[in-house]
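Asker: One structure follows; several queries about it will come next.
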Amino acid sequence: MEDDSGSSPGFIKRQRRGLAALADADRWFGRTPALAAIVATSGLAIADLVLTAHVARTTGLLEANPLVHDLAAGWGVGGVVLFKILTLALGLGILARIVDRRPARLAAFAMLIAHVWVLVQWGGYFEEMRVLADHGVVIADAHSDLLLRL
């Protein structure tokens, strides 16, 4: 029977394999890929911000987030833009400062995945707008009396 106290050769081999697996995981989830994920997330967030501002100024924006909805009602599109910039800078700034920690690196990849999902949702939104336009639905400027909110 093999002793798992650390003195047996089998235990040492398993420990080495485990450490090799961690080193391999750090190649994919290490500091450099995590920093790249933070930079990519910044770019995707800026694209989301541009799309949000564009839709808010043209066809109107129905915001599901209650905090952002209240900001938009009180401060307009500028308030929403400022809120998104500040929260993004704070969140990604914190992650960049602690990127040497594994949970921060995983959070950086989670944020990247979330922002990819947001842009996929934008694609669906614009596809729905195209379908409405194909059916003759008129979507007016946000400042007119005729406004369709989706």
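Nothing in this text is a laboratory measurement; each read-out follows from the coordinates by a stated rule. A quick note: this is a predicted structure, and the numbers were derived from the prediction, not measured. Because the Cβ atoms are built from the backbone with ideal geometry, glycine has one as well, and the counts that use them run over all protein chains shown.
Asker: Most exposed first by the Cβ proxy, i.e. fewest other Cβ within 10 Å, how do PHE83, PHE126 rank? Before the final figure, lay out the partial values.
Answerer: Values: PHE83 16, PHE126 12.
Lowest count first: PHE126, PHE83.
Asker: If you add up the charges near LEU95, with Lys and Arg at +1 and Asp and Glu at -1, over every other residue whose beta carbon is less than 13 angstrom from its beta carbon, what do you get? Mind showing how you got there, number by number?
Answerer: Working: positive: ARG31, ARG97, ARG101, ARG102, ARG105; negative: ASP100.
Cβ neighbours under 13 Å give a net charge of +4.
Asker: Based on the Cβ-Cβ distance of TRP122 and ARG97, what FRET efficiency does E = 1/(1 + (r/R0)^6) give at R0 = 35 Å, to the nearest 0.05? The partial results should precede the final answer.
Answerer: Details: r = 29 Å, r/R0 = 0.84.
With R0 = 35 Å, the Cβ-Cβ based efficiency is 0.75.
Asker: Round to the nearest 0.05 the FRET efficiency obtained for ARG130 and ALA110 when R0 = 22 Å and r is the Cβ-Cβ distance. It would help to have the intermediate numbers written out before the result.
Answerer: Details: r = 31 Å, r/R0 = 1.40.
Taking R0 as 22 Å, the efficiency between ARG130 and ALA110 is 0.10.
Asker: Going through the stretch 61-133, which trypsin sites (Lys or Arg not before Pro) have at most 16 other Cβ atoms within 10 Å and a DSSP loop state?
Answerer: Values: sites: LYS84, ARG97, ARG101, ARG105, ARG130; in loops: ARG101.
Passing both the DSSP loop test and the Cβ count: ARG101.
Asker: Related question: Ranked by Cβ crowding within 10 angstrom, fewest neighbours first, how are HIS69, HIS115, HIS135 ordered? Before the final figure, lay out each step's value.
Answerer: Details: HIS69 14, HIS115 21, HIS135 7.
Ascending Cβ contact count within 10 Å gives the list HIS135, HIS69, HIS115.
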